[in-house]
1. Just give me the residues in segment 74-115 being in contact (Cβ under 8 Å) with a residue 12 or more places away in the chain and among the basic types (Lys, Arg), in sequence order.
2. Evaluate the following for GLU128: is it assigned to a loop (DSSP other than H, G, I, E, B), more than 15 Å from the chain's Cα centre (by Cα) and touching a residue at least 24 places away in the same chain (Cβ under 8 Å)?
3. State all residues of segment 251-273 that are in a helix (DSSP H, G or I), in contact (Cβ under 8 Å) with a residue 24 or more places away in the chain and surrounded by fewer than 16 Cβ atoms within 10 Å (Cβ to Cβ); if no residue qualifies, say none.
4. Can you pull out every residue in segment 62-89 that is aliphatic (A, V, I, L, M) and surrounded by 15 or more Cβ atoms within 10 Å (Cβ to Cβ)?
5. Tell me which residues, restricted to segment 88-112, are among the charged types (D, E, K, R) and more than 16 Å from LEU298 (Cβ to Cβ).
6. Residues of segment 151-164 being part of a loop (DSSP other than H, G, I, E, B), surrounded by fewer than 24 Cβ atoms within 10 Å (Cβ to Cβ) and within 12 Å of the chain's Cα centre (by Cα), which ones?
7. Taking the options THR43, THR35, name whichever one is modelled with pLDDT of 95 or more, of a type in the set (S, T, N, Q), under 19 Å from ASP174 (Cα atoms) and more than 22 Å from the chain's Cα centre (by Cα).
Amino acid sequence: MSDEALAKAAGQVVAARKGVPVIQSFFDETTFTVTYVVHDAETRRAAVIDSVLAYDPASGGTSFDAADPVIAYVMDQGLTVDWLLETHAHADHLSAAPYLQKKLGGKIAIGAHICEVQQTFGKLFNAEPGFRRDGSDFDQLWKDGDSFNIGNVAVTVLHVPGHTPACVAYVIGDAVFVGDTMFMPDYGTARADFPGGDARTLFRSLRRLLELPPETRLFMCHDYLPEGRDHYVWETTVAEQRRANVHAHDGVSEDEFVAMREARDRTLDMPRLILPSVQVNMRAGHLPPAEDNGVTYLKIPVNQL
């Protein structure tokens, strides 16, 4: 069966001049998350991918410590932000997309399958009657194979579920922003045990991405410093992942991967910020509406995850 979206993405990578687009990363060590500003050097048009709103679970306080350096960079470089892109509804950090939109403009976008996430977690959090489960909190919902541009740089969206149902990867010029689908080769792959996740589906998404040309640049959403490495890194290539990914290198079968992933996931604790993160990120980064006393609350469902 032909994969037209992947073929289009592969052709885009080959056609792009190496080093296009321009990429600047911002690493938040508290959540081990990488935010990217991606821009076209000719037009100065830009996108921000997977932004972070700092959150202290002990006090319930938020801050813009992780987002403000992104704004400063965009302003210093004279960029115009057209897109605030999310690879999925993150379970490990809150999105700063609404804050960045207020400061910089741009449309907030995510994969169209976010509606499934909203249905699942809207029920879990017993969301208010006004909470919409149709994705309309976001400005744009992407389907597999959708295309758009950042200035003169072509972008292709690939639906890569498994970690969550709504995961997408953004193929921008010769670079791919993979979200949580995979990590650096020495750390492996994302968990697949969240509601709507599936290890077999994740393997197929991984192998789909690894069919892109070997020289394709891959940019991770996280790095967790595996044993034996003393510095954070988040860029690799398709060729390196196929050669050395500890969970999904060439030669690992689907059944072997599923057995490994499911066994490993059973040993993992829930992410520290999953409960505040998902109920904010399913709303495109907006906090739940304030209650009749003017205070905004985040819910903690007991014994549900």
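1. Listed by number, the residues that qualify are LYS103, LYS107.
2. Working: assigned to a loop (DSSP other than H, G, I, E, B): yes; more than 15 Å from the chain's Cα centre (by Cα): yes; touching a residue at least 24 places away in the same chain (Cβ under 8 Å): yes.
Against the criterion (assigned to a loop (DSSP other than H, G, I, E, B), more than 15 Å from the chain's Cα centre (by Cα) and touching a residue at least 24 places away in the same chain (Cβ under 8 Å)), GLU128 qualifies.
3. At the first step, the residues of segment 251-273 found to be in a helix (DSSP H, G or I) are 254-265.
If we keep only those that are in contact (Cβ under 8 Å) with a residue 24 or more places away in the chain as well, we get 254, 257-258, 261-262, 264-265.
Residues satisfying the conditions are GLU254, GLU262, ASP265.
4. Of all residues in segment 62-89, those aliphatic (A, V, I, L, M) come to 66-67, 70-72, 74-75, 79, 81, 84-85, 89.
ALA66, ALA67, VAL70, ILE71, VAL74, LEU79, VAL81, LEU84, LEU85, ALA89 - these are the residues of segment 62-89 that are aliphatic (A, V, I, L, M) and surrounded by 15 or more Cβ atoms within 10 Å (Cβ to Cβ).
5. Our first condition is that a residue be among the charged types (D, E, K, R); within segment 88-112, this holds for 92, 102-103, 107.
Of everything in segment 88-112, those that are among the charged types (D, E, K, R) and more than 16 Å from LEU298 (Cβ to Cβ) turn out to be LYS102, LYS103, LYS107.
6. Narrowing segment 151-164 to residues part of a loop (DSSP other than H, G, I, E, B): 151-152, 160-164.
Within this subset, residues satisfying the condition of being surrounded by fewer than 24 Cβ atoms within 10 Å (Cβ to Cβ) are 151-152, 161.
Passing the criteria: only PRO161.
7. Numbers: THR35 fails: more than 22 Å from the chain's Cα centre (by Cα).
Only one candidate passes the filter, namely THR43.
Yes/no matrix, rows are residues, columns are (1) in a loop (DSSP other than H, G, I, E, B); (2) within 18 Å of HIS88 (Cα to Cα); (3) over 13 Å from the mean Cα position of the chain (by Cα):
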residue	(1), (2), (3)
VAL176	no, yes, no
TYR187	yes, no, yes
GLY197	yes, yes, yes
ARG204	no, yes, yes
PRO213	yes, no, yes
PRO226	yes, no, yes
VAL233	yes, no, yes
ALA239	no, no, yes
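The values are calculated or read from the model by the stated rules, or taken from the named source; none is laboratory data. Model, not experiment: these values are computed from the prediction. Every residue, glycine among them, receives a Cβ derived from its backbone with ideal geometry; neighbour counts consider all protein chains shown.
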